[in-house]
């Protein structure tokens, strides 16, 4: 199976299914003693959007991608293509930063 994804500068991408359905989420566990992060996607769509966000940052960004939980009225919202529900991170600060 072959799949192609096209990335265009200045093209806003949003996935209506991921935006509207809270099942599409990513959980992050950070172990500072062992120096690793486990990123677990609850669906393929969530993993795809997470990867897409990283790729867009690598191609057109400034070398840093930050993901954090944003909860409004008890509902986790999508930030940079990724939904991180409140409490999914075990690090002291519930955010995840990648420097590429």
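None of the figures in this text is laboratory data; all of them are computed from the coordinates on show. These numbers were taken from a predicted model, which means no experiment stands behind them. Neighbour counts run over all protein chains shown; Cβ positions are idealised from the backbone, glycine included.
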At 0.36 nm per residue, minus the direct Cα-Cα distance, what do residue 58 and residue 15 gain on full extension? Give it in nm, one decimal, please. 13.5 nm
Which value at 222 nm does the chain reach when only helices count, each DSSP H run of 4 or more adding -39,500 (n - 2.57), with the total divided by all residues and rounded to the nearest 500 deg cm²/dmol? -6500 deg cm²/dmol
Give me the number: length gained by fully extending residue 86 to residue 27, i.e. 0.36 nm times residue separation minus the C-alpha to C-alpha distance, one decimal in nm. 20.3 nm
If I take R0 = 30 Å and measure r between the Cβ atoms of residue 71 and residue 45 in this structure, what FRET efficiency does the formula 1/(1 + (r/R0)^6) give, to the nearest 0.05? 0.90
